Every structure is written in structure tokens, then in C-alpha cells.
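J.: Have a look at the structure that comes next, please.
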Amino acid sequence: MTASGLSTGSAIKGAHAMLDAAGVPTAERDAVSLAAYALGTTPDAVGAHSEVPVPAEFWALVDRRVAREPVELIVGASYFCGRRFLVEPGVFVPKPETEELVARVVERLRALPTATPRVVDLCTGSGVVAITVAAEVPGATVTGVDLSGQACDLAVRNAATAEVKVAFECCDVATALPELDGLVDVVIANPPYIPVGRAIGMPEVRDHDPALALWGGPDGLDVVRAVERTARRLLAPGGWLFLEHGPYQVQAVLAMFGDAAWSQVADHETVDDAVLVARRAEPERPEPERPDHDPNRIIREQ
């Protein structure tokens with residue numbers, strides 16, 4: 001669709017209608033984002049350009065979104081917890097529901113007795129969770145882990161852009177960071193958890209997110225099991241795990257954390273996903289030995 005001489009404000013209204021008709025759930029927001037990108041400004045500033053003629057390239061961008069290409073990949077960026085991050089094809093696009101996971105993590109970190117906690121973000125992807133946590137809790141030492149070298153490279157660039165110090169390791173979650181065993185205060189994970197063969201309704205996810213970030217084996221829990229084992233060894237006694245998974249997996253995930261290694265286990269359903277919170281159990285302390293007591297013995301006070 002093209003319309004020469006159309007103002008940006010009118011073009012946004014037309015694009016909103018087109019995207020809405022195509023089934024895009026965030027049609028109005030995406031129309032504004034595409035206009036901002038075409039104008040070379042930010043979504044918050046688009047209103048100041050409403051009477052400016054819309055750039056011709058705007059309609060080509062709208063056509064890509066109508067075809068259900070993620071708006072984040074079209075404009076090359078995503079907003080997560082109020083911060084702008086780079087995104088690119090081949091790396092999982094951050095999802096808004098994960099912001100609730102981050103909110104719970106930050107709340108817990110701020111309540112810890114230490115001002116310098118150690119945090120590990122497993123399956124870090126583009127690094128948005130690790131970077132946000134590091135920015136919100138400046139005393140934290142944060143490490144992100146991902147199997148994808150492309151994701152880790154992008155995470156490094158995002159950390160540099162955000163001017164936040166985070167270390168990133170490209171390795172398997174199952175064998176990650178043995179040097180930190182027993183030393184970590186909080187582990188975070190948003191692993192692939194979709195069962196192979198399960199239908200994915202959103203074309204933006206199904207057709208554009210990498211398979212490595214989506215599929216978790218026959219029941220979707222292969223990587224979740226690896227996360228549980230790794231968190232078990234990484235966490236110090238009393239440390240916390242925050243794990244995002246599918247809402248259809250609540251009972252199976254709770255059962256996975258049912259042994260004595262974990263305490264205070266709870267699952268919280270969000271809008272589209274669920275977040276498990278579990279605490280690494282502290283070892284039981286043996287009762288102190290009591291001296292032999294002889295009721296016939298008299299102790300004299302001197």
C-alpha cells in the first residue's frame with residue numbers, strides 16, 4: 001500500500017487498520033514503531049511528526065509486518081523493561097512476559113543480606129535479562145550463558161551499548177561454570193521448553209525465532225531438567241532459582257523440584273507463561289551434643 005503526500009499521523013491510522021486486519025495483536029503499537037523507524041526517531045517522539053509527510057519506505061515496512069515478520073526484527077531493536085536492545089535474525093526475540101520474571105528476580109536480589117550477589121542467567125539469548133538485572137542491582141556480579149555463539153556475540157554488544165558489565169560464556173547449560181559451584185546467590189533461566197510437535201500459534205515465534213531457543217524435546221523439559229541439575233550445583237545453600245516455563249507444565253516442573261535439595265518451591269502463572277521459584281535447601285545442622293546429666297550430681301557455685 002502507498003499513499004503519496006499522506007501525513008504520518010494519517011498513515012499510522014491506516015497502518016493500524018491493516019495490521020489489525022492481519023491479526024497482529026499489537027497493531028497500534030507496531031504502526032507507531034514502524035513510523036518511528038522510518039522517520040529516524042523514537043516511538044515516544046512520533047507525535048511531534050504527525051503532520052510530516054510519511055516516508056515512502058513506511059509502507060514497505062508495514063507490508064513486512066502484515067506478513068507477520070516480528071516488528072523487532074524489522075526495526076532491529078526491542079524494548080525490554082524500558083531499555084532498548086539490539087535484536088537480529090537467528091537470536092530469540094525477547095518477549096514482554098519475561099519482564100515479570102525479571103521483576104521477581106530484582107525484588108529478591110534487593111532483599112538479600114548481601115549488596116554484592118552473584119547471579120547466573122542460563123539460556124541468556126540476547127542478554128536482556130542479565131543486562132537488566134545488572135543495571136537494576138549495580139552491586140551484582142552477573143554471568144550469562146548460552147549455547148549459541150551468535151546469541152552470546154549479540155549479548156556482548158547489548159551490554160556494551162547499555163554500558164553495563166556482564167560476563168557471557170558460550171557453553172552448554174548442563175556443564176556451565178563449574179568454577180562457581182556452590183557460590184551463586186540467584187540462578188535465572190528462560191530455557192527452550194516447547195514440546196517437539198506442539199503447535200505454535202504465533203507466526204512471529206514459529207517462523208522467526210531459532211529452533212534452538214524453542215524446542216525442549218518430546219515433553220519440552222529436556223533443557224529444564226539440565227537447568228535444575230546445574231542450578232542445584234551452582235547455588236549456595238539458601239540461594240534462589242527463577243525458571244520460566246510453559247503454563248501447561250506446572251505439575252511436571254513442580255515434581256522435578258520435589259526432593260530434599262529444594263525448599264520453598266512455588267509456581268506462579270503469568271499472562272502467557274509460568275515462573276517457578278525455588279530455594280536451594282540449606283543442610284540440616286546436627287543438634288549440639290548435650291553433656292551427660294546426672295540428677296544426683298550437685299554443682300556448687302563458688
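J.: Can you pull out the cysteines in the chain that have no other Cys Cβ under 4.7 Å?
T.: If one checks each Cβ against the other cysteines of the chain, C81, C123, C171 turn up with nothing under 4.7 Å.
J.: Additional query: Helix 57-66 sits at what angle to the longest principal axis of the chain, using alpha carbons and giving 0 to 90 degrees rounded to 10?
T.: The answer is roughly 50 degrees.
J.: While we're here: Would you give the gap between the C-alpha center of segment 245-272 and the C-alpha center of segment 125-142, rounded to a whole Å?
T.: A separation of 24 Å, based on Cα centres.
J.: Using Cβ contacts closer than 10 Å as the measure, can you line up M256, M18, M202 from fewest to most?
T.: Ordered by Cβ neighbours within 10 Å, fewest first: M202, M18, M256.
J.: Quote the FRET efficiency, to the nearest 0.05, computed for T116 versus C171 with a Förster distance R0 of 22 Å and r equal to the Cβ-Cβ distance.
T.: Efficiency for this residue pair is about 0.35.
J.: Of the candidates D272, D259, D146, which one comes out as most mobile in a Gaussian network treatment of the chain with C-alpha springs shorter than 10 Å?
T.: So, out of D272, D259, D146, the one fluctuating most is D259.
J.: Round to the nearest 10 and give me the degree value, 0 to 90, for the angle of helix 149-162's Cα axis relative to the longest principal axis of the chain.
T.: 80
J.: Using Cα springs under 10 Å in a Gaussian network model of the chain, which residue among E204, E28, E99 shows the largest mean-square fluctuation?
T.: Comparing E204, E28, E99 in a Gaussian network model of the chain, the most mobile one is E28.
J.: Additional query: Non-local amide H neighbours of A77 (under 5 Å, H modeled in plane, Pro and chain starts lacking H): which ones?
T.: So A77 has HN proximity to V87.
J.: Then there is this: If you fit an axis through the alpha-carbon atoms of helix 8-21 and take the longest principal axis of the Cα set of the chain, what angle between them do you get, 0 to 90°, nearest 10?
T.: Its long axis makes an angle of about 70 degrees.
J.: Once amide H atoms are placed 1.01 Å from N in the peptide plane, what residues at a sequence separation of 5 or more from I188, or on another chain, have their amide H within under 5 Å of its amide H?
T.: V120, D121, L122, F242
J.: Please list the non-local residues whose amide H lies under 5 Å from the amide H of G238, H modeled 1.01 Å from N, same-chain partners needing a gap of 5 or more.
T.: Under 5 Å from the amide H of G238: R280, A281, E282.
J.: In whole Hz, what ³J(HN,Hα) sequence does segment 39-56 give by Karplus (6.51, -1.76, 1.60; θ = phi - 60°), x for Gly and Pro?
T.: Going residue by residue, I get 7, x, 10, 9, x, 5, 9, 4, x, 6, 10, 4, 9, 6, x, 5, x, 4 Hz, with x marking Gly and Pro.
J.: Convex hull over the Cα atoms of segment 8-67, averaged projected area in nm²?
T.: 3.4
J.: What nm distance separates the two modelled labels at D219 and A103, each placed 7 Å from Cα along Cα→Cβ?
T.: The two pseudo-label positions are separated by 3.1 nm.
J.: May I ask you to sort S7, S33 by Cβ crowding, counting other Cβ atoms within 10 Å and putting the fewest first? Display every interim value, and only then the final one.
T.: Numbers: S7 15, S33 23.
Ordered by Cβ neighbours within 10 Å, fewest first: S7, S33.
No lab work stands behind these numbers, since they all come straight from the coordinates. Just so it is clear, the model here is predicted, and its values are computed rather than measured. Positions of Cβ are generated from backbone atoms using ideal geometry, with glycine treated the same way; all protein chains shown enter the neighbour counts.
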